[in-house]
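Notes follow once the structure below has been shown.
The values are calculated or read from the model by the stated rules, or taken from the named source; none is laboratory data. Values in this document were obtained by computation on a predicted structure and should not be read as measured data. Quick reminder, even Gly has a Cβ in these numbers, built from the backbone with ideal geometry, and neighbours come from all protein chains shown. These accessible areas exclude ligands, DNA and RNA; they are computed on the full protein's heavy atoms, side chains included. Shrake-Rupley method; radii C 1.70, N 1.55, O 1.52, S 1.80 Å.
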Amino acid sequence: MRGCVIIAALLVVACQKTDENPFDGLDRPDLNPPLESLPTGNFAWLHQKIFEPTCAESGCHDGTFEPEFRTISSAYNSIVLHPVIANDPGESFSYRVVPGDVNASFLHERMTVFVPATSGIMPLDVAPGSDWPANSQSYIAAIEQWIANGAPDMFGQLPSAGDLEPQVVGLLAFPAGSTSSPYPRGTDPGVQPIEVPSGPVDVWFAFDDANTAALDLQVNQFKLSTASMGFDTIPAQNLAVGNGFVGPDFGNANVGFTHLAALDLSGSDVGTYYFLRVYVNDGDHTEDTEIPNDGTGPPMRDYFTLKVVP
Ligand code: HEM
């Protein structure tokens, strides 16, 4: 029965599509954890503090020039183990970011050295009011530390050689069957769970992968538990996959939400925490990608946590 409701929900959503994006008018601060709650040096922090405001300036890395810094996932996928375009005269760089090796990373070189036959040290220009001039040294140091730590994504997943693993780039929860008025996150400081009622709740996920479209991802399962670890023993359930809606990603840029976990939390006690994990495969990895995984501790784990409220 719930299956038919889900297909009906996907159909209704598909039919309801209009040009106007209902999220555009929404004030978004409580849908994603605020910037201040992100650990310094986490990739989402680097994106929100440096790559988006200073590099994705209009006419620069806003899709005009590579790397593409507008969203957290486009920034990650266009620098980590990503080949360079305008190398130095000695052609000595292979990738923009080589996990674990700052000096071999062209990104770092372009921010610290004038590479001949290029337009100069990045950022080429700084917008009025930018905090770059005051913080450039600490920002470069934060990027160096992130590279030295192996260039993990925002959930602590280390990149594997070759094709990068799929990423979850957005998560929103709604009353079952709806994709408007998402449930907010708690307002206490830090990364807070999404606050939901004890009843049927739809959790939508947005995925991004360097080479596989979200709708072509395989496996597509989720696990729900009241414990943050020990997911091996939790039965997997299927995600419903289809064109859902466009909404804010973790960096508040618009992305397509395509994967739905239909939950029924009826009978849950107020104050119960639910931990979610998703499992997908982009067809380029032998192991399925688990997000988050045991390596993702708080606070980043709590992007995937729900809390039952009255
Ligand atoms: C801290 C912020 C920025 C970072 C980290 C950054 C990083 C980079 C990197 C790594 C490249 C080389 C890509 C390759 O060849 O593979 C590059 C090229 C380029 N960037 Fe930036 N950039 C930043 C800000 C800017 C801004 C604000 C502008 C525009 C005013 C800009 C304009 C360009 C242009 C035109 C190129 C291509 C030409 C060249 O290689 O010199 N960048 N940037």
Within the range 209-235, the residues that are open to solvent by 50 Å² or more (accessible area, probe 1.4 Å) and under 12 Å from residue 258 (Cβ atoms) are 213, 215, 216
Restricting attention to the range 68-87, report how many residues are surrounded by 18 or more Cβ atoms within 10 Å (Cβ to Cβ), within 8 Å of the ligand (Cβ to nearest atom) and more than 17 Å from the chain's Cα centre (by Cα).
2
Go through (1) within 12 Å of the ligand (Cβ to nearest atom); (2) in contact with an Asp or Glu (Cβ under 7 Å, 6 or more places away or on another chain) one by one and return the number of the condition residue 95 breaks.
(2)
So, first residue assigned by TED's automatic domain parsing to the domain that holds residue 139 in the range 111-125, second residue among the charged types (D, E, K, R) and within 6 Å of the ligand (Cβ to nearest atom), Cβ within less than 8 Å, six or more apart or across chains; the pairs are 118/110; 121/110; 122/110; 123/57; 125/57
Considering only the range 98-118, state which residues are within 11 Å of the ligand (Cβ to nearest atom), open to solvent by 70 Å² or more (accessible area, probe 1.4 Å) and modelled with pLDDT of 95 or more.
114
Assess whether residue 189 counts as being touching a helix residue (DSSP H, G or I) at 6+ places or on another chain (Cβ under 8 Å), surrounded by fewer than 17 Cβ atoms within 10 Å (Cβ to Cβ), closer than 23 Å to residue 32 by Cβ and in contact (Cβ under 8 Å) with a residue 24 or more places away in the chain.
yes
Identify, please: which residue in the range 121-156 is in contact with a helix residue (DSSP H, G or I) (Cβ under 6 Å, 6 or more places away or on another chain) and open to solvent by 40 Å² or more (accessible area, probe 1.4 Å) and is, among those, nearest to the ligand (Cβ to nearest atom)?
122
Only one of 64, 40 is within 11 Å of the ligand (Cβ to nearest atom), in a loop (DSSP other than H, G, I, E, B) and modelled with pLDDT under 95, namely 64
